[in-house]
Amino acid sequence: MSIIDLASERVRRETFNQPKGKPAAAPAYKSSISVFGLGYVGAVSAACLADTNHRVVGVDPDVRKTAMLANGKAMMVEPGLDDLLSKGVGAELIGVSADAEYAVFNSTVSFVCVGTPSREDGSCDIGYVEDVARSIGKAIRAKKEFHVIAFRSTIPPGTCRQILGPIIEKESGGVMGEDFGIAFHPEFLRECTAIEDFYNPPKTVVGASDERTQGIIADIYAGVDDNVLFTSIEAAEMVKYVDNTWHATKVCFANEVGRLAKACGVDSHEVMDVFVQDTKLNISPYYMKPGFAFGGSCLPKDVRGMSKLARTMKVDAPLIDSLHSSNDGQIMHAMSLVQRTKPRTVALLGVTFKKGTDDLRESPMLTLLEMMIAEGLDVRVFDENLDLDTALSHHLAHSKAGSGNAGGLAAEMPKLVAQSAVEAVNAADTVIMAHADPAFARAVEARKGEVRVVDLARVWPEAPAWPGYDGICW
């Protein structure tokens, strides 16, 4: 037997000085948690959970990791981590094992922190997570108490409920939500500041199979974060992807601004120091709800101006250059939803670029309207702020890059305008909700189930379950 094997065997036998399958009596700690996977996230989680008086069993097939952790050391560099691990081991709050059954029997919650590396095609390899799910499932079969499995590894939406839960059910013979609970509980630990992030998290998110599981995980964070955000399992899974993609987008955006600012002789840090002071629009929830395309007098024009400036200065700015293409893609997506309804007559409720204005400049609704007319659809439009004598003729005639047929649409528009939302809806079999207007909602609700609805504005906070209702991003 090698030195590593001897160390692993010693660690397995000595962990908590407990025989396999028998939990410790009269605990003086908050709860027992097994952590599967002792890489970066697992090691930090084990150290911080022990520091908050939870008893932790670390599980990993790599005996080097378990041996080091049993001696209060991690296999990676992270400020403060070794000190916390050493403290936890010394207080007999951290132990390790290579035995999944032992770990499950000596814990009420299992955190799964194993790797989910990228495959060559960019997809997520969930093989390690599936292996752990099988091991935990087999262990649960012999355990009478309710057990919670909280997956922390980044996985595609739907993985917990469609793949991992069924694996555990098959191996355990139990029912998810009744005999055991599963959750997706994403981590937001940054390297170099992971311990600080544990104690001051940007958010704590839990998507769980049942309320009991929610409560068990929330109790773990009592005193650390009492504002746990509960959501669906699938939303929690996607949050992690969205967070990291947004962080990458911010880095790329700032770097493109930096390259362009330098080419213009401007201090990019001075610019962005000003930029981040705006917490009403720039660093805020504003503009962050999925919906229809942007328009108006400012955004389209200034994005084009920024792209043109970059080209003039010979600066590569692919992210900025892609914005109009992405925006056009959202209009095409809306059109595809309309086409899917196979309409004869369409009511477009809302024409100006956003509710509460008469501004038609580069309104994406006009682009959508042109596309429907080009397809030969019979369209009725209504917008209480639409002024055919002034706003339409002025804004369409002066649109430089919005409607491709501004004059033609201006001439056509008077024939399409209804006198009210009710009139437009009553004449249609498909209704496009472009503005979140209560009057529009009432007109549609009067015919719910009779007309198909394409909602571009999340008119109803909870998407209706009516036949024929479809939201652009929900």
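Here, each number is a calculation from the coordinates, and none is a lab measurement. These figures come from a predicted structure and were not determined experimentally. Methodologically, a virtual Cβ is constructed for each residue, glycine included, from the backbone with ideal geometry; neighbour enumeration extends over all protein chains shown.
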- The exposure ranking of S153, S31, S284, fewest beta-carbon neighbours within 10 Å first, is S284, S31, S153
- Query: Each residue of segment 147-162 in turn: what ³J(HN,Hα) in whole Hz from Karplus with 6.51, -1.76, 1.60 and θ = phi - 60°, glycine and Pro shown as x?
  - Reply: 10, 10, 10, 10, 7, 10, 5, 5, 9, x, x, x, 5, 4, 6, 8
- Item | Candidates per chymotrypsin sites (Phe, Trp or Tyr not before Pro) in segment 110-209, loop by DSSP, up to 12 other Cβ within 10 Å | none
- Task: Treating only the Cβ atoms of Lys and Arg (+1) and Asp and Glu (-1) as charged, compute the dipole magnitude of segment 3-231 about its Cα centre; round to the nearest 20 debye.
- Result: 620 debye
- Task: With a cut-off of at most 14 other beta carbons within 10 Å, and DSSP calling the residue loop, which trypsin sites (Lys or Arg not before Pro) in segment 275-344 qualify? Please list them.
- Result: K280, K314, R344
- Message: Spelling out what I want: for every residue of segment 63-78, take phi, set θ = phi - 60°, compute 6.51 cos²θ - 1.76 cosθ + 1.60 (Karplus), and round to whole Hz; glycine and proline get x.
- Response: 5, 5, 5, 5, 5, 5, 5, 5, 9, x, 10, 10, 8, 9, 8, 8
- Query: Which lysines, on any chain, are close to K314 with Cα under 16 Å apart, when same-chain ones fewer than 8 places away are left out?
  - Reply: K262
- Task: Could you state the angle between the C-alpha long axis of helix 211-220 and the longest principal axis of the C-alpha atoms of the chain, as a value from 0 to 90 degrees rounded to the nearest 10?
- Result: 60 degrees
- Task: Restricting things to alpha carbons, find the Rg to Rh ratio for segment 325-471 using the Kirkwood radius for Rh.
- Result: 0.94
- Pull up all non-local amide H partners of Y469: gap of 5 or more, or a different chain, and H-to-H distance under 5 Å with H placed in the peptide plane. V453
- Low-density loop GluC sites (Glu not before Pro), segment 148-204, at most 14 other Cβ within 10 Å, DSSP non-H/G/I/E/B, are E178, E191
- Under 20 Å from a label point 7 Å along Cα→Cβ of H247: give me every residue in segment 255-282 with its amide N that close. 255-256, 276
- Please report S32, S326 as a ranked list, fewest other C-beta atoms within 10 angstrom at the top and most at the bottom. S326, S32
- Query: Using the C-alpha atoms of segment 3-231, what convex hull volume per residue, in cubic angstrom, is computed?
  - Reply: 123 Å³
- Can you tell me the 0 to 90 degree angle between the C-alpha axis of helix 299-312 and the longest principal axis of the chain, rounded to 10? 80 degrees
- Query: Over its Cα atoms, what ratio of radius of gyration to 2.2 N^0.38 Å does the chain give?
  - Reply: 1.25
- Note on the structure: With x for Gly and Pro, the residue-by-residue ³J(HN,Hα) of segment 38-54, computed from phi through the Karplus equation 6.51 cos²θ - 1.76 cosθ + 1.60 at θ = phi - 60° and given in whole Hz, is 10, x, 4, 5, x, 5, 5, 4, 4, 5, 6, 5, 5, 5, 9, 6, 9
- Too-long pairs where the Cα-Cα distance tops 25 Å, listed order kept, from K144/K203; K250/K289; K87/K143; K203/K289: K144/K203; K87/K143
- To the nearest Å, what is the center-to-center distance of segment 325-367 and segment 422-474, using C-alpha atoms only? 14 Å
- Message: To make sure I understand, if each residue's beta carbon is the centre and we count other beta carbons within 10 Å, what order do T345, T66 fall in, fewest to most?
- Response: T345, T66
